[in-house]
Structure formats: C-alpha cells, structure tokens
1. Do the alpha carbons of any pairs in Lys247/Lys305; Lys247/Lys335; Lys165/Lys305; Lys59/Lys165 sit beyond 26 Å of each other, and which pairs?
2. How far apart, in nm, are the 7 Å Cα→Cβ label points at Ala311 and Thr213?
3. For the charge dipole of the stretch 248-315, defined by +1 on Lys and Arg C-beta atoms and -1 on Asp and Glu C-beta atoms about the Cα centroid, which residue among Ala294, Thr271, Leu252 has the Cα displaced farthest towards the positive pole?
4. Asn239: net charge of surrounding residues, Cβ under 13 Å, Lys/Arg +1, Asp/Glu -1, itself excluded?
5. With every protein chain present, what is the per residue accessible area of the stretch 45-361 (1.4 Å probe, Å²)?
6. For Leu117, what is the net charge nearby, where nearby means another residue's Cβ is under 9 Å from its Cβ and Lys, Arg count +1, Asp, Glu -1?
7. As an exercise, take the mean of 1/r over every pair of distinct alpha carbons in the stretch 237-356, invert it, and state the Kirkwood radius in angstroms.
8. Please report the relative contact order for the stretch 45-361, taking Cα pairs under 8 Å with a sequence separation of at least 6, and give it as a percent rounded to a whole number.
Amino acid sequence: MRQLWKSLPVEMRATTTCAGRHLQLGEFMTNPVLVEVLRGDIVESVHRGAAVIVDGDGKLVREIGDIGMPVFPRSAVKAIQALPLIETGAADAYGFGDRELALACASHSGEARHVELAGAMLARAGLDETALECGSHWPSNHDATVALARAGGSPNQLHNNCSGKHAGFLCVCCHQKIGHRGYVQFAHPFQQLVAETMEQVTGVRHGLENSATDGCSIPTYAAPLKSLALGFARMVSGNGLAPERAKAAKRLMSACMAEPFYVAGAARVCTQLMEAAPGRIFAKVGAEGVYCAAIPELGFGIALKCEDGAARAAEVAVSSILAGFFANDEAVFAKLTALCRPSVENRKGEPVGVMRPASALA
C-alpha cells in the first residue's frame, strides 16, 4: 500500500480511500516524526523527516528515515561551492580573511556589516553591485529592514542573503579571467567548475538531469542526504580529498566557525550553534527544511531534511542531533538543548507552547 500511495499524483494523495477509510496526506510516508509542536500540553503539529550522520570514510554513524531520498540542499552546501575561491588562488589574490570567506559561505541576514563586506569583496575585483545576478530582496533581519525603509532606501542585490556567495563566484571569474556575465547559468564555465567540485566532494553526479534553479538563480542539484553528510564529513576530516583540497576545506570551515555572524547574522540559529561551541561545530541552513552540519573533532558530517520544508523544525532537529555529541560538556550541552526547545508564543510575546524533538531523535 505504501508503494501504491507513492505512485499516485501528489494532488490525489490527500483524498485517496482504502478499504472505505479516508487516508490523510503522508499517512504512508516512511519518514518518522522528527519534531513536535505543542500548544499547552497537547501536540498540535508534527514535522516528519530524515537525518543521517556519517564519518569521513562514509561509514554510517546514525540514520533516521529515508537517507537515500534525493533532496535539493539549496544554501546548505555553500561551503563546498566556495572551494574554488581558495583553490584558484582568488581568495589570496584579493586578500580575503576569515570574514570574507565566511560571507562567501553565507546565507546572511542583510545587516549593515554583511552588505558592506559583500560590496567590499566585489570592489577588490573591480566590480560593484550591478555585476551580481542573484536578484534582490529585503533583509531578513527585522531591524535592518526597518533601518533601510526608514532611511528611504530600497534593497539591492547586496541585501540578497546570497550576495557573499555570488561575490566569491565573481571574484573567481575575474581572477581566472573568465567572462562573468551569465555566471549563474548551468552552461557557464564557472558553474561547471562548481558542479565538478560538488561531484568530487559528495560523490554524486551533478548534471542537468538532477538540476533545477535555486532562489538566487544558480543551479541546484538533488542528492541523497547520505551524500551531503559525506561531503561535510570530508570537508572537516580531509578524508577522500586531495591534500590541497583538504587544506582549502579546512580553511573554509575554520573561517565559518571563527566568524559565525558572517555566515548568518544576529540571533540566527546557524550563528548560535557555532557560538555555542567555538571551533567545534559547523552548521549551515538550506531552504525548504534542509540543514547540514559537521563536528570537526569527530570528523562527522550531518544532513537532514524536514519533509514539509519547515525551517523551524530543521533548526530543532539539528540542535538535538548536535546536542547528543556534547552531553559530557555541561556548558555546551545546555546551550544546544535550549535551542532544541524554542517556545511557541502568542501575539503578546507570551509563551503558550513549545517545540521539541520527537522520540526518533532521542
């Protein structure tokens, strides 16, 4: 029956009947509940998903749900996409330090420091905001949006959460003397370089057949969760990577952990996770309920996906998984477990419930 349900068009699944009984959407899904949302003491909503932890050799440490399902990692893999920035020599040619490297791996909140640094990165290559092809949107940080609107301004492409990544892309193009116009297109030489890099690190083909277009206009590729986790395990362990790539990966991951604000922003969960254990946790969110993380001292990579695309659930799930590895460090464990149980509030800011990891994450 599970296979029959899966074979039906999506629009039919919520209204299918079996033996005279109405089937709810997702009743026959294989993935377990990862996160529960309580209002008062009653579970009001649940979020299903899958998660996996592997070591640098690809050995499974833990698996929950269908870890072979292909998912679009979206922004969660920006650190892997940034490898050419170092490997081509562009980062050193333009004098980039930890902050610039962290921003190249970021989904930033559009705060002033993010916008200014993205602009400065472009200026090093003789470019400005008009060279970006990522589109624009208002900052996700509320205070930054209010300040911009109050000043009578409007967002430009530097405010895009991906502007740091795109600035890094453009810097590689300029350093390598590759024409940068259309650099977001699948067939552009730079995007082919990124795809090849992703293939080599994750072990999964990145071709037209498993590609789509990301929110910032570059190609994004569907890959199994296990392969994404393997990619990050390799990034922190160096296993399976050539010596120069392992060195570049370590430099990027170290930069992100040293400057977590530039990876995300104030009060962002990525930032809070890395600040909870400086130098010991890497974490990066992706759109539609994806999270990737790594624990350098163990050489472990982590990847998870919440089926309904809920970022709130992915944040609870990754915090719970990471907390399990720091149970013997009281200070770190306390910070991580607090992130596992965010409160549900009413319009007056009063707590009326809580989110919590479900038993599958215990």
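The values are calculated or read from the model by the stated rules, or taken from the named source; none is laboratory data. Please read these numbers as outputs of a predicted model, since none were measured by experiment. A quick note on method: Cβ atoms are made from the backbone with ideal geometry, for glycine too, and the neighbour counts reach across all protein chains shown. Ligands, DNA and RNA are stripped out before the accessible areas are found, and what is left, the full protein with its side chains, is counted by its heavy atoms. Shrake-Rupley method; radii C 1.70, N 1.55, O 1.52, S 1.80 Å.
1. Correct reply: Lys247/Lys305; Lys247/Lys335; Lys59/Lys165.
2. Computed distance between label sites Ala311 and Thr213 equals 2.2 nm.
3. Positive-most Cα among the choices belongs to Leu252.
4. Taking every Cβ under 13 Å from that of Asn239, the sum is +2.
5. Value returned for the stretch 45-361: 39 Å² of accessible area per residue.
6. Residues near Leu117 contribute 0 overall.
7. Evaluated over the stretch 237-356, this radius sits at 15.1 Å.
8. 23 percent
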